[in-house]
Amino acid sequence: LGRRARVSGAGLDALGLGQTEDGTLQVDDWMRTSNPLVHAAGDVATRDRFTHVAAAMGWAAACNALFGALWPMRVRTTDLPRSVYTDPEIARVGPSLEQLRQSGLEVEVTRYSLDEFDRAIIEDRREGFVQIITARGRDVILGATVAGPRASDLVSLFALAIRYRLGMRKILATTFPYPAWSSAASAVSGQWQSDRAPRSEEHTSELQSRQYL
């Protein structure tokens with residue numbers, strides 16, 4: 001909607017707090033502004049203007065302002081989920097594919113279409129996909145994008161996986177209730193594992209040309 005943070009008129013100008021290009025206050029992972037005695041949280045201090053992000057930032061800002069010297073609390077943006085409650089829903093966690101490309105990191109993309117997913121077929125809601133970005137040659141989840149029904153619920157599982165470094169094999173080894181929407185995490189993990197199964201040299205070359213970015 002083009003919302004912008006309103007940081008003028010509250011006496012903040014006199015503090016000379018640093019701002020980003022879009023007008024939000026600059027904060028570090030401990031919610032400290034350019035003046036370490038001033039903490040900020042919520043929409044005024046982030047471009048990720050979601051209620052759950054503001055809640056995480058607010059909790060960290062309050063704890064750090066009171067007890068930061070003893071128990072500093074860090075907010076890591078890499079595992080903060082972003083969700084749009086359209087129909088179908090769209091949700092993402094971690095850096096986008098474009099951001100990872102710009103960083104120069106070699107990655108692999110696994111994409112599972114919901115038109116093959118049993119629950120989607122049962123409810124006739126086959127639109128959408130689950131896309132996972134992993135480090136090339138490693139079982140490390142860097143980001144996930146889900147488009148489809150219950151996307152915001154499913155992406156939460158990948159947020160947990162990124163935060164606690166749970167790879168695709170760990171997800172695949174987990175038993176999900178069937179045919180719950182959450183079992184799409186198992187399905188995309190199975191796709192990831194299948195893409196790495198031994199194949200003929202010709203097929204492997206073709207697969208790599210499609211996957212490696």
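In this simple spin-label model, placing a label point 7 Å from the Cα along the Cα-to-Cβ direction at both Phe50 and Arg6 gives a separation of 2.6 nm. A Förster radius of 25 Å, combined with the Cβ-Cβ distance separating Arg101 from Ser194, puts the computed FRET efficiency at roughly 0.50.
Name all residues of the stretch 153-188 having a backbone nitrogen under 11 Å from the label point set 7 Å from the Cα of Ile122 along its Cα→Cβ direction, giving them as ranges. Output list for this probe position: 177-183.
Run the numbers on the stretch 31-81 and let me know its relative contact order in percent, using alpha-carbon pairs under 8 Å that are six or more apart. Once normalised by length, the contact order is 32 percent. Spin-label model, Gln26 to Thr78: label points 7 Å out along the Cα-to-beta-carbon direction sit 2.3 nm apart.
Summing charges over neighbours of Asp118, with a neighbour being any other residue whose Cβ is under 13 Å away from its Cβ, gives -1 when K and R count +1 and D and E count -1.
The phi-based Karplus calculation (6.51 cos²θ - 1.76 cosθ + 1.60; θ = phi - 60°) puts the 3J(HN,Hα) values of the stretch 164-181 at 10, 6, 8, x, 5, 5, 5, 5, 5, 7, 8, 8, 9, x, 10, x, 5, 4 Hz, whole numbers, x for Gly and Pro.
What separates the Cα centres of the stretch 158-178 and the stretch 48-80 is a distance of 24 Å. Counting only Cα atoms, the size of the chain along its three principal axes is 66, 37, 35 Å, in decreasing order.
Each Cα pair under 8 Å and six or more residues apart adds its sequence gap; the mean of these over the residue count of the stretch 151-196 is a relative contact order of 39 percent. Ranked by the mean number of other Cβ atoms within 10 Å of their residues, highest first, the peptides 175-181, 78-84 come out as 78-84, 175-181.
Show me the ranking of peptides 9-15, 165-171 by mean Cβ neighbours inside 10 Å, starting with the highest.
165-171, 9-15
Given the alpha-carbon gyration tensor of the stretch 65-174, what are the semi-axes of its equivalent ellipsoid in whole angstrom, ordered largest first, with each equal to the square root of 5 times an eigenvalue? Mind showing how you got there, number by number?
Numbers: eigenvalues 147, 65, 38 Å².
Output for the stretch 65-174: semi-axes of 27, 18, 14 Å.
Given R0 = 25 Å, the distance between the Cβ atoms of Arg136 and Thr175 translates into a calculated FRET efficiency of 0.30.
Rounded if a/c is under 1.5, else prolate if a/b is larger than b/c, else oblate: which is the stretch 1-97, with a ≥ b ≥ c the root eigenvalues of its Cα gyration tensor? It would help to have the intermediate numbers written out before the result.
Values: a/c = 2.30, a/b = 1.35, b/c = 1.70.
Oblate is the answer for the stretch 1-97, as a/c is 1.5 or above yet b/c matches or exceeds a/b.
Give the accessible surface of the stretch 68-123 per residue, rounded to a whole number of Å², with probe radius 1.4 Å and ligands, DNA and RNA excluded. Don't skip to the answer; put the middle values down first.
On the way: 3490 Å² over 56 residues.
Dividing the accessible area of the stretch 68-123 by its residue count gives 62 Å².
When a 1.4 Å probe is rolled over the protein heavy atoms, the share of accessible surface on the stretch 32-125 that falls to carbon and sulfur comes to 55 percent. Among residues other than Asp43 with Cβ under 14 Å from its Cβ, the summed charge is +4 (Lys and Arg +1, Asp and Glu -1). Distances between placed amide hydrogens fall under 5 Å for Val107 paired with Arg136, Leu213, all partners being 5 or more residues away or on another chain. 3J(HN,Hα) along the stretch 33-43, derived from phi through the Karplus expression 6.51 cos²θ - 1.76 cosθ + 1.60 where θ = phi - 60°, amounts to 7, 5, 9, x, 8, 10, 10, 9, 8, x, 4 Hz, with x in place of Gly and Pro. Assuming charge only on the beta carbon of Lys and Arg (+1) and of Asp and Glu (-1), the dipole of the chain about its Cα centre is about 540 debye to the nearest 20.
Give me the net charge of Val140's neighbourhood, meaning all other residues with Cβ under 14 Å from the Cβ of Val140; Lys, Arg count +1, Asp, Glu -1. Intermediate results must be reported in sequence, preceding the final value.
On the way: positive: Arg136, Arg138, Arg163, Arg165, Arg169, Lys170, Arg196; negative: Asp79, Glu106, Glu108, Asp139.
Here the count lands on +3.
The values are calculated or read from the model by the stated rules, or taken from the named source; none is laboratory data. Worth saying up front: this structure is predicted, and the values here are computed from it rather than measured. Cβ: placed from backbone, ideal geometry, glycine included. Neighbour counts: every protein chain shown. Accessible surface is based on the protein model in full, side chains and every heavy atom, while ligands, DNA and RNA are left aside. Shrake-Rupley method; radii C 1.70, N 1.55, O 1.52, S 1.80 Å.
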